[in-house]
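Contents: one structure, followed by commentary.
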Amino acid sequence: MRTRLIPGAAVLVALALTGCSGSDEPPAATPTTGSPAASASSRPPVDGGTFDSPLLLVEALNKGGVACKNYEAIAQPQGAVARGRCYVGADEYTIGIYASAADARAQPDFQAELLEGVSDVDMVLGRNWTVGCPGPTTCREVAEALGGEVFHEPA
């Protein structure tokens, strides 16, 4: 019962792989395939599209109704091009941007192995990004805002 991907649903409480914040965040760039944030007249792409930076992904979350505030970059992200965290209320969401779809897809399994027996892993996966959420319900909200697939692996 290793990996379960559920298209367009919920997922991840990804723990930051590196715990220190920093200001190494590259300047925001335009999303490669446009902003997948949902609007009243359109739905986000099923695969979540791609993003060039965590800041653009956070912006799309906000436009999609998930108020992710107080973004801070995580220095020296392991396995990702860039990683950061933001907060919806008191809940931390971890945002990762990857060099390839394969790198993004490897992240949930890596987290599940790392946290096996310790913590559930809940995450939403886009083409080149992940969002770690506090649980399945919050991940569903992220997937509704951005598209993507939901991953859940119990501890």
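We did not get these values from a lab; they are worked out from the coordinates using the rules stated. The model shown is predicted, which means the values in this text are computed figures rather than measured ones. Quick reminder, even Gly has a Cβ in these numbers, built from the backbone with ideal geometry, and neighbours come from all protein chains shown.
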Distance in nm between label sites at Leu115 and Lys63, each 7 Å beyond Cα in the beta-carbon direction? 2.8 nm
Mean Cβ-within-10 Å packing, highest first, puts peptides 58-66, 97-105 in the order 58-66, 97-105
First check a/c for segment 68-132, with a ≥ b ≥ c the square roots of the eigenvalues of its C-alpha gyration tensor; if it is under 1.5, answer rounded, and if not, answer prolate when a/b is larger than b/c or oblate otherwise. oblate
Three principal axis extents, largest first, for the C-alpha atoms of segment 44-83, in Å? 29, 24, 11
